[in-house]
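See below for the structure under consideration.
The values are calculated or read from the model by the stated rules, or taken from the named source; none is laboratory data. Predicted model only: the values in this text are computed from it and were never measured. Ideal geometry is used to build each Cβ from the backbone, glycine not excepted, and the neighbour counts take in all protein chains shown.
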Amino acid sequence: MDKINKYIKQAGEFLWSYKFTILCLAYFCVISVLALYIVSKPALVNALSFVLILNILAKTKYSLWISIILAIFVSFDAYFAFVYSNQMSIGTMASILETNPTEAAGVMSEAVMPAIAVLVASLFLILMSQRELKASKLSRKVSLILLLGYWVIVMPAIAYWKIKSLKYEDFIANMPVIGIHSVVASNFPLVYGDMSTFIAYQHEMYQMRKFLDLEKQMPTGVQFNTGKESPEKIFFIIGESAGRSHYSLYGYPQKTSPFFDSLAYAAPDVLHHYDAYSPASITRDALRIILSFSTPKDVKPFFENFNIIDLANKAGYETVWISNQDKVGESESYIGFVSANATESYFEKDFAKEDLKLLTYIQEAYKPDKKQFFVVHLLGSHVPYNERYDEEDALALPGKKTKMLEYDRSIHHTDRLLRNIYDIMQQDSSSVLYYFSDHAELVDNGGHGVLVFDQGLFDVPLVTINNSPLPVDSIVYRYIDPETSLINTSSSIYILSEIMGYEVTDEVVEKATEAGKYIFHVDKNTYPYIDMGKKYLPPHHSDVRVDKVLYVGLQSRAGLNP
């Protein structure tokens, strides 16, 4: 009994002497479990392997800066694990890297406190663990050998077994970067998953730059009809982060859209609104689909076929791109690729980013008796909400300031802008306004661009104002799913092309409606929109259904080896 008590005491002393190391490893394990939403043995081994890295750093001089970098990586993983119960996706990383300074500042203002908390916790545990390990008997040399063994033998062996068991051989052969990323992210989520995500994103952008010079063509089933009537002015307004459930036009109790409400009441044949949803929950992915003939399942038409600006140019419109989001180079983003061919471009440079200032650009570009196609890209209801409205909106929607109320005021602010654009379009005898939001928002539960299965991420307003003889409402109804009475804004390019004078065959409409039943989530997988309301757990990344046709067809056409 004395021996047992002695061993228990020694074990207790040993554990106490490495208490921060144990806490640190437990912290790593919890992050890995939450990131994948399951208890994965390879992921736990991945987390535990970091004791070797911590021991090497503990016994290395001037390693503080490396420890800080490690803490930053871990903090990214911890933030997404604890706040969203998943890991950073390629889409999320792309959104971070491609965002403009104003949006980045806005997002950071919302996330700053939890981000600082996880960074402090990560750095504290890592440094305290290293202080304990500094006196441990595990040498740096042995740790390095074991770590190299893990990198060179264990990780490849696990990856190979996963590829074999999931029959990923063809997938890896056709799409090595994306395929390997899916395996790494699902089995080694801590730090290594971030690295593979960054590499996969850079590969995606590299592929896009390769395809920039491909000769584009009109898709089959879409043809311009020179004899078809079309409006003089088309105002294509792209909102930001606005969910239709917050519009009084759609029955929301707060009067967030008084202009839309009044026009719908006074002129029900002029204003129509539809129950719509976005094809993606982040701007880059949503607009990549909406502004081109690509679909949630197929990116090829984005490069192979004409986009919305090309169509307007070919239909004889002067194209004007007006944006409250900073200019991004043609080869740096999907949106930059589309906007590059506009006849005129205006980008608001004021850091305050007031959407109402865009009216000045519209008025400057407006030309009477000339066919013009305006694309107006708003900052809308993007975080921080308190910077997206002014005193007039606060007076219209009074009350104790909450995040929800501030969001509602931002919707009201956009409604005011649209009222002013409506006044401008009244100058023409024939004009159409087409307004939608790029995606929606979970105001109290993560914002947007997060891997959760909630229709609130996608449900957006779609409103048309028709001051032309064209039957715009009948055109829109061609693309409404008869089973659900919903419409995916991915059909917008077809609707707008018909408004501009193009003919679209019934077969193409049927295909567009069928493709619109799906959404493209931030994990780069496609899912039926109807499944977003089932609140099921996200699939384990080892079962990832990455769309295998994303680039294979393009590579073949461009003469590239897949």
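Before moving on, here are some points about what is shown:
- The lone exception for residue 304 - which of (1) within 24 Å of residue 512 (Cβ to Cβ); (2) surrounded by 23 or more Cβ atoms within 10 Å (Cβ to Cβ) it fails: (2)
- Checking each residue in the stretch 156-183 for being surrounded by 15 or more Cβ atoms within 10 Å (Cβ to Cβ), without any contact (Cβ under 8 Å) to a residue 60 or more places away in the chain and part of a helix (DSSP H, G or I) picks out 159, 163, 172, 177, 180.
- Matching residues in the stretch 16-62 - criterion: being free of Cβ contacts under 8 Å to residues at least 40 places away in the same chain, part of a helix (DSSP H, G or I) and among the basic types (Lys, Arg): 41
- Total residues in the stretch 292-324, condition outside any strand (DSSP E or B) and polar (S, T, N, Q): 5
- None of 143, 196, 186 is free of Cβ contacts under 8 Å to residues at least 24 places away in the same chain, polar (S, T, N, Q), surrounded by 17 or more Cβ atoms within 10 Å (Cβ to Cβ) and touching a helix residue (DSSP H, G or I) at 6+ places or on another chain (Cβ under 6 Å) except 196.
- Only one of the numbered conditions (1) part of a helix (DSSP H, G or I); (2) at pLDDT 95 or above is violated by residue 231, and that is (1).
- Qualifying residue in the stretch 508-517 (condition: at pLDDT 90 or above and either more than 22 Å from residue 274 (Cβ to Cβ) or not assigned by TED's automatic domain parsing to the domain that holds residue 280 (or both)): no
- When 230, 248, 294 are screened for being farther than 13 Å from residue 435 by Cα and either of a type in the set (D, E, K, R) or crowded, with 24+ Cβ neighbours inside 10 Å (or both), only 294 passes.
- The residue that is surrounded by the most Cβ atoms within 10 Å (Cβ to Cβ), counting only those in the stretch 115-138 that are among the hydroxyl-bearing types (Ser, Thr, Tyr) and over 20 Å from residue 79 (Cα atoms), is 129.
- The stretch 159-179, subset closer than 21 Å to residue 198 by Cβ and among the aliphatic types (A, V, I, L, M), residue modelled with the lowest pLDDT: 175
- Residue match in the stretch 528-545 (condition: part of a helix (DSSP H, G or I), surrounded by fewer than 21 Cβ atoms within 10 Å (Cβ to Cβ), modelled with pLDDT under 95 and hydroxyl-bearing (Ser, Thr, Tyr)): yes
- Test: residue in the stretch 72-86 that is touching a Lys or Arg at 6+ places or on another chain (Cβ under 8 Å) and either modelled with pLDDT under 90 or part of a helix (DSSP H, G or I) (or both): no
- Number of residues in the stretch 447-485 that are of a type in the set (A, V, I, L, M, F, W, C), part of a loop (DSSP other than H, G, I, E, B) and farther than 30 Å from residue 83 by Cβ: the value is 2.
- Test: residue 287 is assigned to a loop (DSSP other than H, G, I, E, B) and of a type in the set (A, V, I, L, M): no
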